[in-house]
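Working notes for the structure below.
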Amino acid sequence: MNFIGLIGAGKIARNLMKIMKDFSTKKIICYHSYVIKDIERQFNIKMVDTIEEILSSLEIISAYVSLTKETEGPVNKNLFLLMKPDAIFMNTSRGGVVNEDYLYEGLKNGKSATAGLDVVVDDSVKRNNRLFE
């Protein structure tokens, strides 16, 4: 794994940044809704101004944001259209951060190769959830 993009730079994301520094990750690129002082230097990462910059340029993207009115569904149709066809998208934050209908469309239409989800919108996920396809 050479490059990874993080959406969010809170406590969990920063713990991951610490771990990734010890592996062969060449570059960590991170988007966060507000600037966190010294995070670039501390973790040897690059902060970007928009989520689009991460999704359009990286193969591995992982979301680490809390669910608020501002963060509900920011990973949506337009963003999945920007993803590379071989991209891996992971969400370990909150289900509502990702619009699951658009994630499904992106996976089905080859806009994303793989999705790893620790969470979904409906915590009582049903076996017939089309994301299992």
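What the table below lists for this structure:
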{"item": "One residue from Asn44, Asn2 being farther than 21 Å from Ile88 by Cβ and modelled with pLDDT under 85", "result": "Asn44"}
{"item": "Identity of the residue in the stretch 93-127, surrounded by fewer than 16 Cβ atoms within 10 Å (Cβ to Cβ) and among the β-branched types (Val, Ile, Thr), that ends up farthest from Gly10 (Cα to Cα)", "result": "Val125"}
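Quick grid of which residues meet (1) over 22 Å from Leu58 (Cα atoms); (2) outside any loop (DSSP other than H, G, I, E, B); (3) at pLDDT 80 or above:
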residue: Gly73; (1), (2), (3): no, no, no
residue: Leu81; (1), (2), (3): no, yes, no
residue: Lys84; (1), (2), (3): no, no, yes
residue: Met90; (1), (2), (3): no, yes, yes
residue: Leu103; (1), (2), (3): no, yes, yes
residue: Leu107; (1), (2), (3): no, yes, yes
residue: Lys111; (1), (2), (3): no, no, no
residue: Asp123; (1), (2), (3): yes, no, no
residue: Asn128; (1), (2), (3): yes, no, no
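The values are calculated or read from the model by the stated rules, or taken from the named source; none is laboratory data. Just so it is clear, the model here is predicted, and its values are computed rather than measured. Don't worry about glycine lacking a Cβ; one is built from the backbone with ideal geometry, like all the others, and counts go over all protein chains shown.
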